[in-house]
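S.K.: The structure's right below; bear with me while I get my questions together.
The values are calculated or read from the model by the stated rules, or taken from the named source; none is laboratory data. The structure displayed is predicted, hence computed values, not measured ones. Cβ sites come from the backbone with ideal geometry, for glycine too, and all protein chains shown count toward neighbours. Just so you know, the surface numbers come from the protein's heavy atoms only, side chains and all, with ligands and any DNA or RNA stripped out. Shrake-Rupley method; radii C 1.70, N 1.55, O 1.52, S 1.80 Å.
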Amino acid sequence: MDPIPAPSLSLADLAVNAEGRVAGLLAEGGALLRRLADLGFVPGEYVRIVARGALGGEPLAVRVGRSTFALRRHEAACVQVLPHRG
């Protein structure tokens, strides 16, 4: 995999309703990387944080492509995004 661009940030750090594009995935376990990729978190795909849970901000409702998923904060932290500047 190519290096992730420097201005990227974790999907877990993206603000609610902020959009970005997936820059890459970072995780120690291959199973989590495969699961995230299978869900559509692949480089170049658009993502948006739809909502955060009330207690502790978990889970995160994340829109990727045309689907919405609930992710735990540690799962979202594995997805590096380039924030949309528009």
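S.K.: Return the sequence-ordered ³J(HN,Hα) values of the range 66-75 in whole Hz as given by the Karplus equation 6.51 cos²θ - 1.76 cosθ + 1.60 applied to θ = phi - 60°, using x for Gly and Pro.
M.R.: Result, rounded to whole Hz: 9, 10, 10, 10, 9, 10, 6, 4, 5, 6.
S.K.: Ignoring ligands, DNA and RNA, what percent of the accessible area of the range 27-74 is carbon or sulfur (1.4 Å)?
M.R.: Working: 1610 of 3000 Å².
Accessible surface attributable to carbon and sulfur in the range 27-74 totals 54 percent.
S.K.: Could I ask something else about it? If you count, for each residue, the other Cβ atoms within 10 Å and average over each peptide, how do 31-39, 75-83, 56-64 line up from highest to lowest? Could the numbers behind the result be given before it?
M.R.: Details: 31-39: 14.0, 75-83: 21.6, 56-64: 16.8.
Top to bottom by mean Cβ count within 10 Å: 75-83, 56-64, 31-39.
S.K.: Near the amide H of residue 52, under 5 Å away, which other amide H atoms are found, from residues 5 or more places off or on another chain, if H is placed in the peptide plane?
M.R.: Those lying under 5 Å, H to H, from residue 52 are 61.
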